[in-house]
1. Sort out which residues of region 206-231 are among the acidic types (Asp, Glu) and either within 17 Å of Gln44 (Cα to Cα) or surrounded by 23 or more Cβ atoms within 10 Å (Cβ to Cβ) (or both), and write them in order of number.
2. Take Arg322 and decide whether it is closer than 28 Å to Thr305 by Cα, among the basic types (Lys, Arg) and at pLDDT below 85.
3. Could you please let me know if Asp142 is of a type outside the set (A, V, I, L, M, F, W, C), assigned by TED's automatic domain parsing to the domain that holds Gly48 and within 24 Å of the chain's Cα centre (by Cα)?
4. Kindly indicate which of Ser186, Ser123 is in contact with a Pro (Cβ under 9 Å, 6 or more places away or on another chain), assigned by TED's automatic domain parsing to the domain that holds Ile88 and within 22 Å of Leu64 (Cβ to Cβ).
5. Specify which of the listed residues (Asp160, Asp124, Asp115) is over 23 Å from the mean Cα position of the chain (by Cα) and part of a helix (DSSP H, G or I).
6. Kindly indicate whether Ala361 is at pLDDT 85 or above, over 28 Å from Asn243 (Cα atoms) and among the hydrophobic types (A, V, I, L, M, F, W, C).
7. Is it the case that region 371-380 has a residue that's more than 34 Å from the chain's Cα centre (by Cα), outside the structural domain of His57 (by TED's automatic domain parsing), part of a helix (DSSP H, G or I) and modelled with pLDDT of 80 or more?
8. Of the residues in region 181-205, how many are assigned to a loop (DSSP other than H, G, I, E, B) and either without any contact (Cβ under 8 Å) to a residue 12 or more places away in the chain or surrounded by fewer than 24 Cβ atoms within 10 Å (Cβ to Cβ) (or both)?
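The values are calculated or read from the model by the stated rules, or taken from the named source; none is laboratory data. This one's a predicted model, so the numbers in the text were calculated from it and none came from an experiment. Using ideal geometry, Cβ is built from the backbone for each residue, glycine included, and neighbour counts are taken over all protein chains shown.
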Amino acid sequence: MSTAIALSVDEQFDILSRGAVEIVPRDALRAKLKKSLQTGVPLQIKLGLDPTAPDIHLGNAVVLRKIRQFQDLGHEVTVIIGDFTAAIGDPTDRAATRKQLSQDEVALNAKTYTDQYHKILNSDKTKVVFNGSWLGKLNLYDIANLLAKTTVARLLERDDFAQRYAKGIPIHTHELLYPICQGYDSVVLNSDVELGGTEQRFNILMGRQLQQDHGVEDPQVGLFMPLLVGLDGVDKMSKSKGNAIGIDEPPLSMFEKLMRISDEMMPQYFELCTDVPMNEVALLCDQSSTSPMEAKKTLATEVITIYHGANAASVAREEWERRHSRREIPTDIPTITVSVEHLNEGKAKLTSLVQLSGIAATGGEAKRLIQQGGVAIDGEKIVDPSAIVDITTGVVISSGRRKFVRLSIQV
């Protein structure tokens, strides 16, 4: 038994429950930790990844970081690359049928995923398997037996299926197989705990149900992590929505994006994206003791240290401060909502934004002000009147030392 796993049940539970939205059943996790401690047998932890996108961002990393905590406590982790289930297409949060990936696409994305998640997980202690190795061998008789373990009514309890059915949007038969196949993975692995985001709740609890149907007396516990809000402060972090921070992005790019999040988002980012103790997080997010700007710098530094190292984080911070002339943007500045009709995929010409913000009365005045070096975006001067600005992540436009306006998109 490792030294780490010798931590008490309460100590382990406190670490593992940090940031978790729900643990189902909660008492069962405590019982499993207690049994593991008494017997010296580590828990079997399962994480399923469908390689449907080639890059990992901070939102994806939330669950991976929790998996790493299980590893550090001495438990054994199996990552399932869902090559078979990705070919089906996860219907979760989909208003229509997801495009099925080719085997070549799955293989390419899986390799990128594997390279990137090793930045978070302990690669020497991570077992990687592909569910096609057992799902692909099931014959029609096996599949019929598996389908007999649940009902159409049970599958239609899923919010996305129920909504599509109510609206008359097609639900293809192969989509119904997805949660059953993912659940069967838990039967094959005999997992004790499965992790996922809240959107995976149905799929993970299906695994618990199928284990019970296959005679497992102590079925898996579902541990659910929240969905990290993206840089727009509205939707979950997603590459497709343009509100994500990739863990492979250059340090300075990560720093700049993290400095744009709202003050209200900081506690969640600290809790889910860093290892800063929660009592320290409370102090950092208390504006009476720490300025929001300094708190964000600490957040960005902590996050970048995890993925690029302390030196890279320090260099990125120094460069960001240099570019922004070490002048902090005031927190009590007005916010102007920009209508989507003025934008093209969250972007607009700088001259238009200067005018919309009220800093300049006309387009001509805005152009002259920009050319004279009188306009800055997030503290960085821009002298090109034809510049295009991305405000999907929220930006502060300023002129001189007194005029500051925060721009946000109309939702």
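1. So the first thing to find is which residues in region 206-231 are among the acidic types (Asp, Glu), and the list is 213, 217-218.
Glu217, Asp218 - these are the residues of region 206-231 that are among the acidic types (Asp, Glu) and either within 17 Å of Gln44 (Cα to Cα) or surrounded by 23 or more Cβ atoms within 10 Å (Cβ to Cβ) (or both).
2. Yes.
3. Here the answer is no, as Asp142 does not meet what is asked.
4. Ser186
5. Values: Asp160 fails: over 23 Å from the mean Cα position of the chain (by Cα); Asp115 fails: over 23 Å from the mean Cα position of the chain (by Cα).
Of the residues listed, the single one that is over 23 Å from the mean Cα position of the chain (by Cα) and part of a helix (DSSP H, G or I) is Asp124.
6. Numbers: at pLDDT 85 or above: yes; over 28 Å from Asn243 (Cα atoms): yes; among the hydrophobic types (A, V, I, L, M, F, W, C): yes.
In short, yes.
7. Within region 371-380, one or more residues are more than 34 Å from the chain's Cα centre (by Cα), outside the structural domain of His57 (by TED's automatic domain parsing), part of a helix (DSSP H, G or I) and modelled with pLDDT of 80 or more.
8. Result for region 181-205: 1.
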